Amino acid sequence: MAMTITEKIFARAAGKPSVQAGDLVNAKIDLVMCHDVTTPPAISMLKAHGIDKVFDRDKIVVTPDHFQPPKDIKSAELHKRLDTWAKEKKITHYYKLGRAGVCHALLPEQGHIRPGEVIVGGDSHTCTYGAFGAFSTGIGSTDLAAAIATGILWFKIPASMKFTLTGSLPTGVYSKDVMLEVIRRIGTDGALYKAMEFVGPALKEMSMEARMTITNMAIEAGGKSGIIAVDDATRAYLDGRLKDKSDYTVFESDPDAEYVHKDTIDCSALEPMVALPHLPSNGQPISLCAGLAMDQCYIGSCTNGRIEDLRVAASILKGKQVAIRTIVVPATPVVWKQMVDEGLAEIFYDAGCVISAPTCGACLGGFMGILAAGEKCISTTNRNFVGRMGSPKSEVYLANPATAAASAVEGKLADCRNYL
Amino acid sequence: MAKAHVYQRDHVNTDEIIPARYLNTDDAADLAKHCMEDLDTEFVKKVQPGDVIVCGDDFGCGSSREHAVWAIQGAKVGAVIAQSFARIFYRNCINCGFYPIELHGALEKINDGDELEIDYQGGTIANTTQGTTIAFTPLPDFAIEIVNDGGLLEHIKRQKEKGKGQNDR
Ligand code: SF4
């Protein structure tokens, strides 16, 4: 029977010849991602239930990132609980302060993500890893506890939606804009319970970083996962990075696999997009919203805090001054070092930005750039819900890094194409 | 008797249910103090044990934070009735032993302040204010088992004790 890439991954993980959308399976988990907000409660639950083992200490990756370094006493306690446990269980891949980074940027960069595998993480944007032809989804703390202890979780096989990306990206338009357009079209629950599969010629021209921006935001359309099949770019990225060098399995959707929804996005026709408050689906072309005054610019996060994003922002900020407070957050220590080595840090400094250590920080309204009531922030993050970056009376505008940088220069929503 | 707190809204998200500024703890009692704060600052003052939250589509969208469910449980909310739920939140509810009630047309069938009686076994809600009985689609059997066991971990433990192996189904 014809299967989608997602069904094939699950068939393997469930040890069955085939599965189809709607089936309930127990699947073996290949990797579990753990951070400082959702894992400490999972650890406590395991303790409370007298379960004192981890299924495989090599297959759990721990990176405290949300409040990193701890912002207050309570978050320090969370870090301490996580630290004590990770050491006690001898977790092989435990990234401590100095090597810890925003989880969804760090795990692929450090070579933990392998095609064909089933990956879960205690974070909704775990869907990011689908850019590597893996099934990957976010779970809560209880599921996380079960996954840590047993290496098995139940899943309902999701139906798939297919998004074909054609054309090629015009100057000033990035994969972020493609995804904001997809979410604008189908809404924040348009992909509820579904796997969002991305195919098409436009993807070929996108780097792995750019592809991760797309799968990262699958959850913003309600998707269970986002997935892109392996190609040469994927292999090139993985070569030399993978921690586990054994062969991985590459799956592809059968040509006659079933999709519950199909859509085509002509990338050539897109403009830079801005998602207005308070939903990621409120995307508008910049030409319709340019000129609105901003108070802050935030460049970072698991969506757009990788080196490619900082290069784009720096190319616009070079030799200019920001008109509003601008916070640059390299997503991982490696990105941070690259930023310094490539001279981007100097550009940001000269332009008047502040550079933070790798952290989730203000992306989720944690710290390092909280908004006051009435303030507006142009941000490269993925979510603009009420109160997301601070006061419930503040506003977040989502955009690509070029739009964010151009807006920082002008102090208002600006068209990055005037700078490129 | 449970009172309905109706929010005529779709996409009530986890940041509204429990803002990230309170995620530096996982203590249910602490979280409960801020339950629904960014949607309705009065909520914790007016909610009584057993009361019901009623919303439109896509309730609980956004983050995977189970803290959202703990805040609701901590505030002693009896049930959440929504026209539809976001996936992770829905799964988290079941895993915490909290029954998410999916009810199409919920916002038309229940008004703010209505008194409700929920029969989980029978899959019906008696709206005693309006004198109506409303049927909802019950959870699948395996999910009911998890809820009845008090959540996923308790369920796994009991399955093990029964010798069924981890999570076998
Ligand atoms: S950067 Fe933001 S969206 Fe990404 S994991 Fe951190 S808090 Fe979540």
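The values are calculated or read from the model by the stated rules, or taken from the named source; none is laboratory data. No experiment lies behind these values; they were computed from the predicted model shown. Note that we place each Cβ from the backbone using ideal geometry, even for glycine, and neighbour counts take in every protein chain shown. Accessible surface is based on the protein model in full, side chains and every heavy atom, while ligands, DNA and RNA are left aside. Shrake-Rupley method; radii C 1.70, N 1.55, O 1.52, S 1.80 Å.
Annotations
- Lys/Arg +1, Asp/Glu -1 at C-beta; the range B:16-169 dipole; positive extreme among B:PHE89, B:ILE118, B:CYS55: B:PHE89
- The share of accessible area on the range B:17-115 that comes from carbon and sulfur is 48 percent, using a 1.4 angstrom probe.
- Furthest towards positive pole of dipole, A:THR213, A:GLN110, A:ILE157, structure part the range A:82-233, Cβ charges: A:ILE157
- MRE, 222 nm, helices only [DSSP H, n ≥ 4, -39500 (n - 2.57), over the protein assembly as shown, to nearest 500]: -8500 deg cm²/dmol
- Antiparallel beta bridges, as assigned by DSSP with both residues in the range A:274-419, represent about 20 percent of the total such bridges.
- Sequence of B:THR133, A:THR63 when ordered by accessible area, the most exposed leading, probe 1.4 angstrom: B:THR133, A:THR63
- In the range A:307-412, one over the average inverse separation of all distinct C-alpha pairs is 13.7 Å, which is the Kirkwood hydrodynamic radius.
- The separation of the range A:319-359 from the range A:120-137, counted between C-alpha centres, amounts to 27 Å.
- Rounded to whole Hz, the Karplus (6.51, -1.76, 1.60) HN-Hα couplings of the range A:223-233, x for glycine and proline: x, 6, 7, x, 8, 10, 5, 5, 9, 4, 5
- Residues in the range A:43-79 occluded by at least 10 Å² - accessible area, probe radius 1.4 Å, against chain by itself: A:MET45, A:HIS49, A:ILE51, A:LYS53, A:PHE67, A:LYS71, A:ASP72, A:LYS74, A:LEU78
- Cα gyration tensor shape of the range A:158-241, rounded if a/c is under 1.5, else prolate or oblate by comparing a/b with b/c: oblate
- C-alpha center-to-center spacing [the range A:192-251, the range A:21-88] in angstrom: 24
- Solvent accessible area, Å² - B:THR129, 1.4 Å probe, full protein context: 80
- Accessible area per residue for the range B:2-138, computed on protein heavy atoms with a 1.4 Å probe, is 34 Å².
- For A:GLY116, distant residues with modelled amide H under 5 Å away: A:ALA134, A:PHE135, A:PHE251
- Rounded to 5, percent antiparallel among DSSP beta bridges of the protein assembly as shown: 25
- Rounded to the nearest 20 debye, the dipole magnitude of the range A:171-295 is 300 debye, with +1 charges on Lys and Arg beta carbons, -1 on Asp and Glu beta carbons, and the Cα centre as origin.
- Long-range Cα-Cα pairs in the protein assembly as shown (distance over 44 Å), rounded percent: 13
- Taking every Cα-Cα distance in the range A:340-396 and sorting them into 10 Å bins starting at zero, the pair-distance distribution P(r) comes out as 24, 43, 27, 6 percent.
- Positive-end residue of A:GLY369, A:ASN384, A:PHE55, charge dipole of the protein assembly as shown with Cβ unit charges: A:PHE55
- Rounded to the nearest 20 debye, the dipole size of chain B about its Cα centre is 520 debye, using +1 on the Cβ of Lys and Arg and -1 on the Cβ of Asp and Glu.
- Ordering of A:133-146, A:69-82, B:70-83 by packing [mean C-beta count within 10 Å, highest first]: A:133-146, B:70-83, A:69-82
- Length-normalised contact order of the range B:2-138 in % [C-alpha pairs under 8 Å, at least 6 apart]: 26
- Whole-angstrom gap from the range B:1-30 to the range A:148-171, using each part's C-alpha centre: 28
- The mean of 1/r over all pairs of different alpha-carbon atoms in the range B:2-138, once inverted, gives a Kirkwood hydrodynamic radius of 14.6 Å.
- Partner shielding of B:7-19 amounts to 4, given as the average count of beta-carbon atoms from other chains within 10 Å of each residue beta-carbon.
- Amide proton proximity set for A:GLY226, modelled H, under 5 Å, gap of 5+: A:GLY130, A:SER136, A:MET196
- Accessible surface for the range A:230-283, divided over its residues, is 55 Å² per residue with a 1.4 Å probe.
- Area hidden from solvent between A and B (accessible, protein heavy atoms only, 1.4 Å, total, Å²): 4000
- Only the Cβ atoms of Lys and Arg (+1) and of Asp and Glu (-1) were treated as charged; on that basis the dipole of the range B:64-162 about its Cα centre amounts to roughly 500 debye.
- Taken residue by residue and averaged, Cβ atoms of other chains lying within 10 Å of the Cβ of A:142-155 number 5.
- Percent of Cα pairs exceeding the 16 Å cut-off, where the set is the range A:195-248: 47
- The share of accessible area on the range A:274-419 that comes from carbon and sulfur is 55 percent, using a 1.4 angstrom probe.
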